[in-house]
1. Does residue 133 count as of a type in the set (S, T, N, Q), touching a residue at least 60 places away in the same chain (Cβ under 8 Å), under 23 Å from residue 170 (Cβ atoms) and out of contact with any strand residue (DSSP E or B) (no Cβ under 7 Å at 6 or more places or on another chain)?
2. Could you tell me whether residue 446 is surrounded by 19 or more Cβ atoms within 10 Å (Cβ to Cβ) and either in contact with a Leu (Cβ under 7 Å, 6 or more places away or on another chain) or at negative phi (or both)?
3. Looking at residue 369 and the list (1) open to solvent by 30 Å² or more (accessible area, probe 1.4 Å); (2) under 18 Å from residue 316 (Cβ atoms); (3) free of Cβ contacts under 8 Å to residues at least 40 places away in the same chain, which single condition is not satisfied?
4. Can you tell me which residue in the stretch 247-263 is least open to solvent (accessible area, probe 1.4 Å), limited to those that are closer than 12 Å to residue 309 by Cβ and outside any strand (DSSP E or B)?
5. Name the residues in the stretch 224-244 that are small (Gly, Ala, Ser) and crowded, with 18+ Cβ neighbours inside 10 Å, would you?
6. Scan the stretch 76-104 for residues that are in contact with a Lys or Arg (Cβ under 8 Å, 6 or more places away or on another chain), charged (D, E, K, R) and within 25 Å of residue 699 (Cα to Cα) and report the count.
7. From the residues in the stretch 88-110 that are touching a Ser or Thr at 6+ places or on another chain (Cβ under 9 Å) and not hydrophobic (A, V, I, L, M, F, W, C), which one is surrounded by the most Cβ atoms within 10 Å (Cβ to Cβ)?
8. Answer with yes or no whether residue 273 is under 30 Å from residue 117 (Cα atoms) and either modelled with pLDDT under 95 or open to solvent by less than 30 Å² (accessible area, probe 1.4 Å) (or both).
Amino acid sequence: MLLAAAASAKEIEPGATVELREGRGLVAIALDAAVPVSSLKIDRKDGGFGGQRLLRLGHGRSLRLLELPAGEYRFSRIEIGFDNQPYWYVNLRKDGRLDFKVEPGVISYAGDLDLTVAGYGVFHTFQRDRLAQLAIELDERYPGLRQRWPLRWQGAMPDRFGEFLTRELGDTALPAVVKAADAATLAEPEKQVDERLPALVRELFADWQVSMVRLNPTGDMLAIAEQKDGRHTISVLDVATLQASLVYSGDYPIYQMSWAADRTLLIGVDNRGRTSYAVRLRIETGRAPAFDLLTFPYDGWFVSTIGEDGRHVVFARPESGGGAGLYRVALDGKRIERSQFERSRRLDKGLEGWSDVVTDRAGVPRAVVAGDDGEYVLKTRTSADGSWQVVRRFSTEDRFHLLQLAPDGSGVYATTDIDRAQNELVRVNLADGAIVQTVLALPGVDILEVLTTPGGEPVGAAYLQDGRRHVHYFDSANTTLHAALARALPDRSIAVYETSRDGSRSLVLANDETDPGTYYLYDAEHNRIEELLARLPAFAHTRPVRSSLLRLKASDGTPIEAYLGLPEGQGPHPLIVMPHGGPIGVRDTLHYDPEVQLMVNRGYAVLRVNFRGSGGFGRQFEQAGYGAFGTRIEDDVIAAVDKALAEYPLDPKRVALRGASYGGYSTLMGLIRFPDRYRCGVATAAVTDWVLPFSSSDWSGSPVARDLMKKRVGDPSTQVDAVEAISPVYRYRQIDRPLLLAHGARDRRVTIEHALRLRLLLAKAGKPAQWLPFEKEGHGIADLDSRVRLEAGVDTFLARCLGDGVAAPAKPQATTAP
C-alpha cells in the first residue's frame, strides 16, 4: 500500500484505465529527493480533507498519479527516512507557492518538489516546473491519458505550455517524438575533430595557475594562491630572500585571501561551505617563514580587521534560520574558540537580513544595507544607546553599495545611481542618510570599484571605458605611478592591487585580451618593475588577437558599442555573432575571453555587442533593456552586424550566432526574426520560455527577484500573451535554420526543461535541433573535459553550417603571452 489517506483519495497505478467520477480530477505529484523519503503529506486548504500521505517515495525522482475531489490543496510536510519510519520532518512553507488546485476532469500539476541537503539535518525544498518531462512520463506510464484529460499547470504563476503542447502534438504520442529528438544527439563529438582543437581548448580554458597574489602592509611578504597538480595552495614568499613556505594545501578553491596585519594572513576556502583560516607567520633571518594555521570552527567569511595588529577580526557566520551574524574573533590564541560565536556575543544584535555592512576600526558595525518588505534600507548606528535607525530607503532597481567608513567616522563612502544618471562615488552622512558629497561622477560611465587607503580614504576609482579598465586617481602621486606603469606595460589594463605602507612597493596586475593577467612588483625607490607570476603559462598553441572597437547607433539613435576580432588571412571571413548573457547589467569587455580566442583561432571573426541593457554605461542605458528582450536588444545586435559587414572583410552569407543563457535566447530570437541574415545558431543554456523561470529558477522563490523580472520581461500573471510572444517555444515554427542546443542537467538558473520543450516541438515539426547534453554541468560549463566536448560539437556544427572555405585553424606555434 503506497497511499495512506481518507477513502476519497485514490492512487492510479501505471497502465490502469482511468474513469473519473463526477467532481473529481487527477493530480500528478513528482518528488526529486537527495535523501530517502518515507512520505509526503498533502492537506486540503479548507480543512475538509483529513490529509493524505504518499508512502515510500524513496530516493531520487518518483512520480505518483492521484484521483482527488476537486478543490484546493497544499503540500504540507515531507518525512525523511525509510519505509514508514521517519527520522526527520520538513514542514513546508505556507506562502502559497506550494498550493495547488485540483480541477474536475483535468490532470493537474503543481510542479516537482526538489529536496536537497544543505547540512546535517538541514534540508531545502524547491519547486520545479517540468511540464514537458511530466508529459513524457505520463505518455509512457499511462498511454492515451493526456488525449482524454487535459494536462494543466496549477502553480502560483501561470504556464500554458501543457495545453499548447497538446494542441501542437495532436494525436502523436510523446515517446515517438522523444525518439526523433534524441536521434539528433551528438555522439562523442570530441572524437570527430582534429587534434589541434582539444589542445587549444585545454590551453585557453585552463584554470588559472595563479588565482590571487597579495602584498602585506609592510611590503616584505607576498601571499600567492595557486593551483598545482590539482591542488589549491597558498605560499608566503619573503620578497627580500625569495624563500617561501607552503601554508595551505587543499582540494577546494580559495575565494578570499587578505592580510590582517604584516604577519597575519586570512584565508577563505569554498568547500561546499565556507571554511576560514588564519595564518600567523614567524619570521627568522635566513629561513623560510614558519607559521601557525588556525581553523575557524564554523563556516563564514571575513568582514573586516580590527586595528592594525592583526589580533582580531569581524567574522560573519551564517545562521541556521537564514542570514548571518557578526562576531568579534580573537586570533592570538592557540585555537579559535567556539565560545566566541555564542549568539549573546553577536555584534549585530537587532539586525536581520543585512547584505552589506561597514564597521569602524574597533570592529563595531556602523552601517548596513538590509531587506525590508520588498525594498532595501540603509540602517546606521550613531546614537549613544547603539540603536539602529533607518535613514534611507531604495528600490530593487537602485544600486547602492557600501564601501568604507570615512576617517572621521561621521559618514560612509558608497557607490550609487540613486537620483543619478550613472553609478557614482559619494559620501553619505550616517546621521540622516543624506548624500553630502559626490566624490566622482563620470558622465555615461558607471564606477565599478573604489580604491582606498587602509584608513578608509578613497584614492581612486576604477571604471570601464572603450572596453578596458581605467582608474581615475584623486592625487598626483598615484596618477604619476599609474602613468609610469602604463608606459612600462603598454596596451594593457593596469590595476595596482596593494601598495606598501611607506609607498616603496606596489603589487600590480596587467591584462588585456591576449593575456588573462600577469602580476608585477613595482619598486618605487629604484623605479623598477619586476615580473612575478602569470595567471596562465605562455601559450603554445594559441595565437591571441586583439579586437577592434566599433561605435554605431541603433535604429532609434541609441549609441551602441561592439567589439570585432578577426582571424589571420585576407578574408572575407565567416562571422560568429556572440550576444552576451544577463542581459541587464552584464557586458562584454576587451579583456581576456577564451571563447573569443578559440573562435578566432579556428578561423572565424567574432562580433560582441554591448546592446541596450548592458552594464557600465549608466542608468538610462541599462534600463533601456527593460521590455526589450527579443525585440530592441536583437535590433541592436543586427545593427552591429550591419556595421561590421560594411567596414570589415566579412562574408555576409556566412554569419552564425552563438550565445549562452540570455545569449542563447538571443541566438534563438535572431534565427526566428532574421532567418535571411543568420545561417545557423548555437544556443547553450538558453531561455526558451520566459514564463517558466517565474516558477522554476534559482530566483523564482524570491519576491524581490520576481518583481524585478516582471519589470524586465513582463508579468506572466497579467501579460501572459506578451510574455509568450517573446518566448521561442511559442514561435518554434519560425526556426528553420540549423540549430545546436547544449544544456547542463544541473542548471538551476535556466533549467533543462527549457531545452526539452523546444526540442520536442522542433522534432514534431520534422526539424530536430542538434543536441548536446551535459549530465554533471549547471548554468555554464565548468569541467575542462566537458568544455572540450562542447567546443568539439560547436566546431563540427559550425564547419558544416558555414563551410565553403572556413579559414584553416592556426598552426601550432609557440608564443609568449605578452
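The values are calculated or read from the model by the stated rules, or taken from the named source; none is laboratory data. A quick note: this is a predicted structure, and the numbers were derived from the prediction, not measured. Methodologically, a virtual Cβ is constructed for each residue, glycine included, from the backbone with ideal geometry; neighbour enumeration extends over all protein chains shown. The protein model used for the area step is the full one, side chains on, heavy atoms only, and it has no ligands, DNA or RNA in it. Shrake-Rupley method; radii C 1.70, N 1.55, O 1.52, S 1.80 Å.
1. Answer is yes for this residue.
2. Answer is yes for this residue.
3. (1)
4. Residue satisfying both the conditions and the ranking: 262.
5. 225, 235
6. 3
7. 97
8. Considered against the rule, which asks whether it is under 30 Å from residue 117 (Cα atoms) and either modelled with pLDDT under 95 or open to solvent by less than 30 Å² (accessible area, probe 1.4 Å) (or both), residue 273 comes out as yes.
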